[in-house]
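Below is one structure, written out as structure tokens; comments come after it.
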Ligand code: NAD
Ligand code: TYD
């Protein structure tokens, strides 16, 4: 029987991966290992928390002793590793937090896996979830492929690049069975409202300014989070050991166009006059080191495993807005208390 640790399972993407694995694979035990930082929220998982094949362990991946004890307690067979500090703006303000969790935390997990599985690595998988941001920035043309040279610019992407290198090093050096996937920007239910889409939805609901960094022409590829969870499930079961896979939405948007679309959809859903929400758009000082454009070639996972996004951006965005409008308690719980727009508090010149 597989006993799978999913790290970061209380976070945005992790909660969708946990839910999918718990519901689809009653024969597996899913062990959600999460430190519950500001981004971890067990409310994301209320619908599955009583399932017999699910357990939660509050633990920090930086704490090797505790992670080792969890391995012993359950006889862990595999790891799907999502726990991370994930927000670029925070990484600019506090880079060491990103080094500690994303780099040292990942190496800790690799070390424990090496020690516990060393008798035979066969049948044990260390699946590392990463980002397209490790590849740096594109100009107007071109796409990131699995062969694109790493060129991270932010402390976040540098820390994720370092963690990817360590995972490959443990495959090359010790023979641990690894898979890495690098995905583009996710959006969807449970997204923490410090990132562009949920922040904008929350601010439109509350008639607050919509901060657009720089000239607003920075470009991202967006993928619905449930499609990322499907890809992770597929790669966990059918990915080639030692390989890297890019995952993307084939869905590029300039930030300003995306915010305009959000405003349009939200005006309709909130019954506001067309054009109301776009008046909230406020251009603000740019993010330092801001990558101009990300775009993914997800041809490999498509050709080899048949994966492609299941929803269009308009469908996914509409479902996301509906989720936020129908889950005001979740939103209020997340936005009350200590959290307010981190950017507002920390950057001057606003
Ligand atoms: P998130 O910030 O929403 O969630 C991160 C989770 O990790 C939280 O539950 C948090 O409590 C937990 N965590 C943080 N530090 C920890 C530690 N030291 N020990 C244990 N748990 C800890 O992040 P997300 O957006 O869901 O991203 C998940 C993963 O996917 C990350 O590895 C990220 O780099 C990667 N990724 C994210 C995106 C995206 O668009 N959000 C895109 C590609 C890849
Ligand atoms: P974000 O959601 O932080 O994701 P990432 O930096 O990992 O791509 O930002 C997405 C894009 O939106 C990025 O170009 C920065 C920009 N942005 C804004 O213009 N305003 C905002 O308030 C935020 C949070 C981001």
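Which one of 239, 271 is in contact (Cβ under 8 Å) with a residue 12 or more places away in the chain and away from ligand 1 (no atom under 14 Å from the Cβ)?
Every option except 239 fails the conditions.
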Looking only at the range 21-44, which residues are outside any loop (DSSP other than H, G, I, E, B), free of Cβ contacts under 8 Å to residues at least 60 places away in the same chain and more than 10 Å from ligand 1 (Cβ to nearest atom)?
-> 22, 23, 29, 30, 31
The residue that is farthest from the chain's Cα centre (by Cα), considering only those in the range 257-270 that are within 14 Å of ligand 2 (Cβ to nearest atom) and buried (at least 20 other Cβ atoms within 10 Å of the Cβ), is 263
Mind checking which residues of the range 185-225 are farther than 22 Å from residue 289 by Cβ and within 13 Å of ligand 1 (Cβ to nearest atom)?
-> 187, 188, 189, 190, 191, 193, 198, 223, 224, 225
Report the residue count in the range 181-238 for those that are part of a strand (DSSP E or B) and either more than 8 Å from ligand 2 (Cβ to nearest atom) or surrounded by fewer than 20 Cβ atoms within 10 Å (Cβ to Cβ) (or both).
-> 11
Assess whether residue 175 counts as being surrounded by fewer than 19 Cβ atoms within 10 Å (Cβ to Cβ), more than 20 Å from the chain's Cα centre (by Cα) and under 23 Å from residue 246 (Cβ atoms).
-> no
Provide a single number: the residues in the range 304-317 that are surrounded by fewer than 16 Cβ atoms within 10 Å (Cβ to Cβ) and assigned to a helix (DSSP H, G or I).
-> 3
Say we look at the range 52-77 and pick out the residues that are under 13 Å from residue 113 (Cα atoms) and within 22 Å of the chain's Cα centre (by Cα); which of these is farthest from ligand 1 (Cβ to nearest atom)?
-> 67
Counting only residues that are within 14 Å of ligand 1 (Cβ to nearest atom) and over 21 Å from residue 73 (Cβ atoms), give me the helices (runs of 4 or more DSSP H) lying completely in the range 83-134 with at least 3 of them.
-> 88-93, 95-98
Conditions: (1) away from ligand 2 (no atom under 16 Å from the Cβ); (2) in contact with a helix residue (DSSP H, G or I) (Cβ under 6 Å, 6 or more places away or on another chain). Residue 82 meets all but one. Number of the miss?
-> (1)
Any hit, the range 148-157, residues being more than 13 Å from ligand 1 (Cβ to nearest atom) and assigned to a helix (DSSP H, G or I) = no
Could you give me the residue pairs with C-beta distances under 7 Å whose first residue belongs to the range 191-212 and is under 11 Å from residue 259 (Cα atoms) and without any contact (Cβ under 8 Å) to a residue 24 or more places away in the chain, whose second residue is within 7 Å of ligand 2 (Cβ to nearest atom) and part of a helix (DSSP H, G or I) wherever it lies, and which are 6+ apart or on separate chains?
-> none
Within the set of pairs 6 or more residues apart or between chains, which connect a residue that is within 14 Å of residue 226 (Cβ to Cβ) and touching a residue at least 60 places away in the same chain (Cβ under 8 Å) inside the range 170-188 to a residue that is assigned to a strand (DSSP E or B) and within 13 Å of ligand 2 (Cβ to nearest atom) with Cβ atoms less than 8 Å apart?
-> 183/130; 183/131; 183/223; 183/296; 186/222; 186/223; 187/222; 187/223
Counting only residues that are surrounded by fewer than 22 Cβ atoms within 10 Å (Cβ to Cβ) and within 30 Å of residue 153 (Cβ to Cβ), how many does the range 91-126 have?
-> 13
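Coordinate-derived values only; no laboratory data. Being a predicted model, the structure only gives us computed values, none of them experimental. FYI the Cβ positions are ideal-geometry reconstructions off the backbone, even for glycines, and counts take in every protein chain you see.
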